[in-house]
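So the structure is just underneath, and the comments pick up after that.
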Amino acid sequence: MILVIAGLFEVAFAFCLGKATSGNEMYLWYGGFLITLVISMWLLIKATQSLPIGSAYAI
């Protein structure tokens, strides 16, 4: 379950990175990118404590 949630956060950070425009709105998208990136990687680390890294990252 943790791995599925990590995957959703990975989709979210890719979405935020693609939406980065100019002006003040850019900082909100980059902030969202950084927050979702950190959460995604943290959850991936948690998932790899019980699964092999190759399987976890492939999923």
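The values are calculated or read from the model by the stated rules, or taken from the named source; none is laboratory data. Bear in mind that the values here come from a model prediction, so they are computed numbers and not experimental data. In this analysis, Cβ positions are derived from the backbone assuming ideal geometry, glycine residues included, and neighbour counts consider all displayed protein chains.
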Going through the range 1-33 one residue at a time, which ones are within 12 Å of the chain's Cα centre (by Cα), under 10 Å from residue 43 (Cβ atoms) and of a type in the set (A, V, I, L, M, F, W, C)? 3, 4, 5, 6, 8, 9
From (1) touching an Asp or Glu at 6+ places or on another chain (Cβ under 8 Å); (2) at positive phi, pick out the condition that doesn't hold for residue 23. (1)
Residue satisfying all of: in the range 1-28; within 25 Å of residue 59 (Cα to Cα) and β-branched (Val, Ile, Thr); surrounded by the most Cβ atoms within 10 Å (Cβ to Cβ) among these: 2
Somewhere in the range 20-40, is a residue in contact (Cβ under 8 Å) with a residue 24 or more places away in the chain, assigned to a helix (DSSP H, G or I) and under 11 Å from residue 3 (Cβ atoms)? yes
Members of the range 24-34 found to be more than 12 Å from residue 14 (Cα to Cα) and not aromatic (Phe, Trp, Tyr), listed by number: 24, 25, 26, 28, 31
Could you grab me the full set of residues in the range 41-59 that are part of a loop (DSSP other than H, G, I, E, B) and either free of Cβ contacts under 8 Å to residues at least 24 places away in the same chain or exposed (fewer than 12 other Cβ atoms within 10 Å of the Cβ) (or both)? 48, 49, 50, 52
Taking residue 31 and the conditions (1) at pLDDT below 90; (2) loosely packed, with under 12 Cβ neighbours inside 10 Å, which numbered condition does it fall short on, given that it satisfies the others? (1)
Of (1) at pLDDT 90 or above; (2) more than 10 Å from the chain's Cα centre (by Cα), residue 51 satisfies every one except (1)
